[in-house]
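Student: Quick one: the structure is below, and I'll ask about it shortly.
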Amino acid sequence: MVYFIGTPIGNLGEITYRAVETLKSVTAIFCEDTRHSKILLDYYGISKPLYSYHKFNEKKSLDFVLSFCEKGQDIAVISDAGMPCINDPGNILVNALIERKLPYTVVSGPNAALNAFIMSGYVPPFTYYGFLPEKKTERDKLLDASIGVAVFYVSVHDIKENMAYLCSRLGDRECCLVKELTKTHERAVFCRLSDEINDDKGEFVLVVNRAEQVNPLCELSVDEHIAYYVNGGMAKNEAIKAVARDRNVPKNEIYKYTLKS
């Protein structure tokens, strides 16, 4: 059996009991960076053979990984943080296991994209894009202005460039930039894509809200807007309240405007 196991995205305590027990039970553990994973394993007193399994050797290592499975040995696959196969190695192995009809399962765990989406408070559905491609042509194929809520991983060196590109491609949307998930200094910054972010440390998750829906009635003058509702049979006071809701302003502002006109 191959176990694809979720590991902490920050706080070492954020791992399931089942994940720890499974890591203790397997014959070997395949991970992205053996030095990084050893910190977690030592923390939980787990001593197992560790093998490097990352995006640069994933195809080359496939036969070696499968040799354990074909002998009937249980192994674990983990990434440096979060869930394997989500922007991390693993999907090539999953497809090989499917093809060879070998058993595998997923041991649930943390995921930065989900945590950040929940912290944003935005309304689902959302689409996960991971890191933006390097080439603009590939980015343009991936994204267009019609997308809804979108989740991106962003390195600290790319924040300004990535946000500027997304602003030009999607419009100046509201967004939530989440840093240091599950750690002591975790924080979520609500801003717009046009805002300049000055931060030089850490990995970020950027949750971009869907484009604001513009009410076509707001293109009218305030007088015309009120008249639209009054002509539809609404009392003037109720029409003033409706216009205030449409324009997201206090009712008194619309009422004062009517006194001036």
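The values are calculated or read from the model by the stated rules, or taken from the named source; none is laboratory data. In this text, all values refer to a predicted model and were calculated from it rather than measured experimentally. No Cβ is skipped: glycine too gets one built from the backbone with ideal geometry, and neighbour counts run over all protein chains shown. Calculation scope for accessible area: heavy atoms of the full protein, side chains included, ligands and nucleic acids excluded. Shrake-Rupley method; radii C 1.70, N 1.55, O 1.52, S 1.80 Å.
Student: Select from the range 71-101 the residues that are modelled with pLDDT under 90 and surrounded by fewer than 17 Cβ atoms within 10 Å (Cβ to Cβ) and list them in ascending order.
Tutor: Correct list: empty.
Student: Answer yes if at least one residue in the range 135-148 is loosely packed, with under 13 Cβ neighbours inside 10 Å, assigned to a helix (DSSP H, G or I) and among the basic types (Lys, Arg), and no otherwise.
Tutor: Among the residues of the range 135-148, at least one is loosely packed, with under 13 Cβ neighbours inside 10 Å, assigned to a helix (DSSP H, G or I) and among the basic types (Lys, Arg), which makes the answer yes.
Student: Here is a follow-up. Can you list residue pairs whose Cβ atoms sit under 7 Å apart, with the first residue in the range 194-212 being closer than 26 Å to ARG247 by Cβ and touching a residue at least 60 places away in the same chain (Cβ under 8 Å) and the second being assigned to a strand (DSSP E or B) and not aromatic (Phe, Trp, Tyr)? Count only pairs 6 or more apart in sequence or on different chains.
Tutor: Close Cβ pairs satisfying both conditions: ASN209/VAL149; ASN209/GLU174; ASN209/CYS175; ARG210/VAL149.
Student: If a residue has to be free of Cβ contacts under 8 Å to residues at least 60 places away in the same chain and open to solvent by 20 Å² or more (accessible area, probe 1.4 Å) to count, how many in the range 173-189 make the cut?
Tutor: So the first thing to find is which residues in the range 173-189 are free of Cβ contacts under 8 Å to residues at least 60 places away in the same chain, and the list is 173-175, 177, 179, 184-185, 187, 189.
With open to solvent by 20 Å² or more (accessible area, probe 1.4 Å) added as a condition, the list becomes 174, 179, 184-185, 187, 189.
Qualifying residue count, the range 173-189: 6.
Student: Given the options VAL243, VAL207, name the one that is within 20 Å of ASN87 (Cβ to Cβ), of a type in the set (A, V, I, L, M, F, W, C) and either open to solvent by less than 70 Å² (accessible area, probe 1.4 Å) or modelled with pLDDT of 90 or more (or both).
Tutor: When all the criteria are applied, what remains is VAL207.
Student: Here is a follow-up. For the structure I just gave you, tell me whether VAL207 is touching a Ser or Thr at 6+ places or on another chain (Cβ under 6 Å) and under 23 Å from ILE147 (Cα atoms).
Tutor: yes
Student: Taking only the range 34-49 into account, find how many residues are closer than 12 Å to SER79 by Cα and in contact with a helix residue (DSSP H, G or I) (Cβ under 7 Å, 6 or more places away or on another chain).
Tutor: Count: 0.
Student: Out of the range 12-46, which residues are open to solvent by 20 Å² or more (accessible area, probe 1.4 Å) and in contact with an Asp or Glu (Cβ under 9 Å, 6 or more places away or on another chain)? I'd like the intermediate steps shown before the answer.
Tutor: Of the residues in the range 12-46, the ones open to solvent by 20 Å² or more (accessible area, probe 1.4 Å) are 12-18, 21, 24-25, 27, 32-36, 38-39, 42-45.
Those that are open to solvent by 20 Å² or more (accessible area, probe 1.4 Å) and in contact with an Asp or Glu (Cβ under 9 Å, 6 or more places away or on another chain): SER25, THR27, GLU32, ASP33, HIS36.
Student: For residues that are open to solvent by less than 100 Å² (accessible area, probe 1.4 Å) and either closer than 30 Å to ARG169 by Cβ or of a type in the set (Ser, Thr, Tyr) (or both), tally how many sit in the range 221-240.
Tutor: 2
Student: Another question, then. How many residues, within the range 90-104, are assigned to a helix (DSSP H, G or I), in contact (Cβ under 8 Å) with a residue 12 or more places away in the chain and farther than 18 Å from CYS31 by Cα?
Tutor: Final tally of qualifying residues: 1.
Student: I'd like the full set of residues that are open to solvent by 30 Å² or more (accessible area, probe 1.4 Å), of a type in the set (Ser, Thr, Tyr) and either assigned to a helix (DSSP H, G or I) or closer than 25 Å to GLY13 by Cα (or both), limited to the range 107-134.
Tutor: Matches in the range 107-134: SER108 only.
Student: Could you say which residue among ALA244, ALA150, ALA211, ALA188 is in contact with a helix residue (DSSP H, G or I) (Cβ under 6 Å, 6 or more places away or on another chain) and within 21 Å of PRO125 (Cβ to Cβ)? Outline the logic, then answer.
Tutor: Numbers: ALA244 fails: within 21 Å of PRO125 (Cβ to Cβ); ALA150 fails: in contact with a helix residue (DSSP H, G or I) (Cβ under 6 Å, 6 or more places away or on another chain); ALA211 fails: in contact with a helix residue (DSSP H, G or I) (Cβ under 6 Å, 6 or more places away or on another chain).
Within the list ALA244, ALA150, ALA211, ALA188, the selection yields ALA188.
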